[in-house]
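The next block holds one structure in the form of structure tokens; read it before the comments.
The values are calculated or read from the model by the stated rules, or taken from the named source; none is laboratory data. Source: prediction; values computed, not measured. Cβ placement follows ideal geometry from the backbone for every residue including glycine, while neighbour counts extend to all protein chains displayed.
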Amino acid sequence: MLSPITRESLMPLEVYARARNEFRARVIAHKKRRTVHLGGNITLIFEDELTIRYQIQEMLRIEKIFEDEGIEGELSAYNPLVPNGTNWKATMLLEYPDLEERKRVLPQLIGVEDRVWVSVEGFERVYAIADEDLERSNQDKTASVHFLRFELTAAIGSALAAGAGLAVGVDHPNCNVSITITDPAVKSSLLEDLHLQ
């Protein structure tokens with residue numbers, strides 16, 4: 001199991017202020033290898049220690065948090081989003097920039113967060129476990145942001161490491177899309193999250 005991000009491993013605010021531009025550029029480049037677009041309106045960003053560390057550092061900077069209690073609060077909120085070696089964790093964005101379209105579409109996508117899957121060649125689809133921290137949808141519409149966890153077996157990890165194909169998709173009645181991950185950098189980056197023996 002991977003170690004969580006700790007207070008001691010974070011940069012103090014003044015150090016982060018100096019390092020921010022370089023760190024941010026590194027994270028943006030890293031996220032490109034961890035981002036999957038499902039059609040034109042759904043994006044999955046597969047989180048890892050680096051992406052979540054960046055989120056924590058940014059929250060501490062924006063909120064000017066430097067006291068132990070506040071830092072521990074951010075760590076408690078964000079550490080569960082770091083994969084633990086047996087899973088992938090992703091932020092799911094439903095992106096409809098036009099307000100009217102968003103108002104029309106989000107009610108049609110209730111439950112979409114539970115219909116997102118990953119599939120490694122030769123294995124059954126693994127469906128996301130969504131929003132474990134709190135419910136983000138209601139009876140009228142789904143939220144624009146969801147947090148997903150995909151629990152994977154050692155056999156799936158081994159097959160992926162051996163070169164098996166990887167697909168990602170959604171099979172909601174009002175949104176049915178799937179893509180095969182062909183970019184080796186994306187597959188390699190996701191494989192780094194798995195420590196399945």
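List of remarks:
- So ILE65, is it loosely packed, with under 15 Cβ neighbours inside 10 Å and of a type in the set (Val, Ile, Thr): no
- For the stretch 108-130, the set of residues classified as within 25 Å of ASP98 (Cβ to Cβ) and charged (D, E, K, R) consists of GLU113, ARG115, listed by residue number.
- Selected residue [acidic (Asp, Glu), under 14 Å from the mean Cα position of the chain (by Cα) and at pLDDT 95 or above] from GLU47, GLU124: GLU47
- Of the helices (runs of 4 or more DSSP H) lying entirely inside the stretch 93-197, those containing at least 1 residues that are under 15 Å from ILE45 (Cβ atoms), small (Gly, Ala, Ser) and touching a residue at least 40 places away in the same chain (Cβ under 8 Å) span 184-191.
- Any hit, the stretch 65-82, residues being hydroxyl-bearing (Ser, Thr, Tyr), over 30 Å from ILE179 (Cα atoms) and either in a helix (DSSP H, G or I) or out of contact with any Ser or Thr (no Cβ under 8 Å at 6 or more places or on another chain) (or both): yes
- Just so you know, in the stretch 1-39 the residues that are small (Gly, Ala, Ser) and surrounded by 11 or more Cβ atoms within 10 Å (Cβ to Cβ) include one that is modelled with the lowest pLDDT, and it is GLY39.
- Candidates are the residues of the stretch 140-197 that are surrounded by fewer than 20 Cβ atoms within 10 Å (Cβ to Cβ) and among the hydroxyl-bearing types (Ser, Thr, Tyr); the one that is nearest to PHE123 (Cα to Cα) is THR153.
- Any chance TYR54 is under 25 Å from SER188 (Cα atoms), of a type in the set (Ser, Thr, Tyr) and part of a helix (DSSP H, G or I): yes
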